[in-house]
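Novice: Pasting a structure here, questions to come.
The values are calculated or read from the model by the stated rules, or taken from the named source; none is laboratory data. Just so you know, these numbers come straight off a predicted model, no measurement behind them. Methodologically, a virtual Cβ is constructed for each residue, glycine included, from the backbone with ideal geometry; neighbour enumeration extends over all protein chains shown. Areas reflect the complete protein model, heavy atoms only, side chains present, ligands, DNA and RNA absent. Shrake-Rupley method; radii C 1.70, N 1.55, O 1.52, S 1.80 Å.
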Amino acid sequence: MSVRDYYLEHFDEMSLEKRKHFATRMKYWFGDMQFNDFLAANEPSHDLAAVLKNNDFSGVNNLEQRRPFFEKYEGLYGLEACLFRLNRLLIEYNVDLREEFLQLFPREKLYKLCDELVVDDEALVALSTYAVNVICLAERLFPRDGTILVALARRFLHMKQTPELVYAYTHYILCMSNFYTERILGEKWELAKRMLAESERLILDNFDNMTIDTKLEFLVCCRINHNDDYYEPRLVLEKIRSECADSLKDSPFIVDPRAPSKNTLGTAEHRNVLYIMSGLDSTTIN
């Protein structure tokens, strides 16, 4: 049985949030429409104010590294969640609440925050996905001229290349694809390929210390344009494939000893949906 089939068989055993995450990935990556009714019945709340004001970031990963920057950019945690909700409602439900959002968080305030973040190297590295999502989603939902996205990519590429940047690189690429719904084209794809090349080298040099989630997210980003333009990860593909195969010898889904608190069906869903999307799952249609 493939990992995908196992998760489909045990779908109802996961929490609602994990089921929604799995369903959206199957829909937008594979065009799997079996979850349409499920997603329609679980439309997120339109209460943007409640999302925006929730700034309890105490449960984030790498809390001590990130705390100073969540405090420096007060409200960033709730803002990232709110922009993500806004985008999800627009993509999945064709509900446009952008004007309502601007009543809560004015456009110029949003632009000022993004302009400050994009030149704050320490914050970009520490906050990683939170900073990337705010900058990229702000430009997608309230576009200026797109130059901030190119500036962000170049900023990352000119930093000292450390393992922490792999996560920032992959989330930049996911944002550029509007979370699996669009191809990445032109200069942005050329920059993305440079990010993938740096990520591959960093993964190779730090393989034993990186989580399987990070490695699989990298493989998904290599395939983000599907067959239109594929980055071939020659240096690490077989190492990642072998590591996943070893995990599946003793478990019906991928577990990672580096993340002992995330090895149940639900807590490992993120890792396993990436495995399915990566093309490594035995019955996945590529």
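Novice: Computing the accessible area with a 1.4 Å probe over protein heavy atoms, can you report the carbon and sulfur percentage for the chain?
Specialist: Working: 6440 of 13280 Å².
The computed percentage sits at 49.
Novice: Along region 211-222, what does the Karplus equation 6.51 cos²θ - 1.76 cosθ + 1.60 (θ = phi - 60°) give for ³J(HN,Hα), rounded to whole Hz, x for Gly and Pro?
Specialist: After applying 6.51 cos²θ - 1.76 cosθ + 1.60, I find 5, 5, 3, 4, 5, 6, 5, 4, 4, 4, 5, 4 Hz.
Novice: Ratio to report: Rg/Rh of region 3-50, with Cα atoms as the point set and Rh obtained by the Kirkwood method; give two decimals.
Specialist: Values: Rg = 11.9 Å, Rh = 11.7 Å.
Radius of gyration over Kirkwood radius for region 3-50 works out to 1.02.
Novice: Related question: Could the peptides 136-147, 10-21 be put in order, highest first, of the mean number of other beta-carbon atoms found within 10 Å of their residues? Could you put the intermediate results ahead of the total?
Specialist: Numbers: 136-147: 15.8, 10-21: 14.0.
Output ranking for 136-147, 10-21: 136-147, 10-21.
Novice: Along region 236-252, what does the Karplus equation 6.51 cos²θ - 1.76 cosθ + 1.60 (θ = phi - 60°) give for ³J(HN,Hα), rounded to whole Hz, x for Gly and Pro?
Specialist: 10, 4, 5, 5, 5, 4, 5, 4, 5, 4, 5, 5, 6, 5, 10, 8, x
Novice: For the chain, list the cysteines whose Cβ sits under 4.7 Å from no other cysteine Cβ?
Specialist: C82, C114, C221, C222, C244
Novice: Can you give me the relative contact order of region 26-181 as a percent, contacts being Cα pairs under 8 Å and 6 or more apart?
Specialist: Working: 127 pairs, mean separation 35.0, N = 156.
Once divided by the residue count of region 26-181, the mean separation gives 22 percent.
Novice: Probe of 1.4 angstrom, ligands and nucleic acids ignored: what's the accessible area per residue over region 231-286, in square angstrom?
Specialist: With all protein chains present, region 231-286 gives 49 Å² per residue.
Novice: Okay, next question. Let me see the pair-distance distribution of region 56-139: every alpha carbon pair, 10 Å bin width, integer percents in order.
Specialist: Once binned at 10 Å, the Cα pair distances of region 56-139 give 17, 51, 28, 5.
Novice: Then there's this: Which entry in (i) 14.4; (ii) 16.4; (iii) 23.2 matches mean projected area of the Cα convex hull in nm² derived from the coordinates of this structure?
Specialist: Among (i) 14.4; (ii) 16.4; (iii) 23.2, the one calculated here is (i).
Novice: In whole angstrom, and with the biggest value first, how far do the Cα coordinates of region 124-194 range along each principal axis?
Specialist: Each principal axis gives a Cα extent; for region 124-194 these are 29, 22, 22 Å.
Novice: Now for a separate question. For region 15-81, would you read off the P(r) tail past 16 Å as a percentage of all alpha carbon pairs?
Specialist: Working: 1346 of 2211 pairs.
Distances greater than 16 Å cover 61 percent of the Cα pairs.
Novice: What spacing in nm lies between the two simple spin-label points modelled at N94 and F11, each 7 Å away from Cα in the Cβ direction?
Specialist: 2.3
Novice: Packing-wise, with mean Cβ within 10 Å as the measure, how do 40-47, 121-128 rank, highest first? Before the final figure, lay out each step's value.
Specialist: On the way: 40-47: 11.8, 121-128: 19.6.
Ranking, from highest mean packing down: 121-128, 40-47.
Novice: What translational diffusion coefficient, in µm²/s and rounded to a whole number, does the Stokes-Einstein relation yield for region 147-286 at 20 °C and a viscosity of 1.002 mPa s, taking the hydrodynamic radius as the Kirkwood radius over Cα pairs? List each step's numbers first, then the result.
Specialist: Details: Rh = 15.5 Å.
Approximately 139 µm²/s, per Stokes-Einstein.
Novice: Rounded to the nearest whole Å², what accessible area per residue is found for region 1-149 with the 1.4 Å probe?
Specialist: On the way: 7290 Å² over 149 residues.
Result: 49 Å² per residue.
Novice: What figure in square angstrom, to the nearest 10, would you give for the accessible area of W29 with a 1.4 Å probe?
Specialist: 20
Novice: Once the whole set of protein chains is in place, how much accessible area is left on K112, using a 1.4 Å probe, in Å² to the nearest 10?
Specialist: 120
Novice: Another question about this same structure. What Kirkwood radius, in Å to one decimal, follows from the Cα pairs of region 67-223?
Specialist: On the way: mean 1/r = 0.0622 Å⁻¹.
Answer for region 67-223: a Kirkwood hydrodynamic radius of 16.1 Å.
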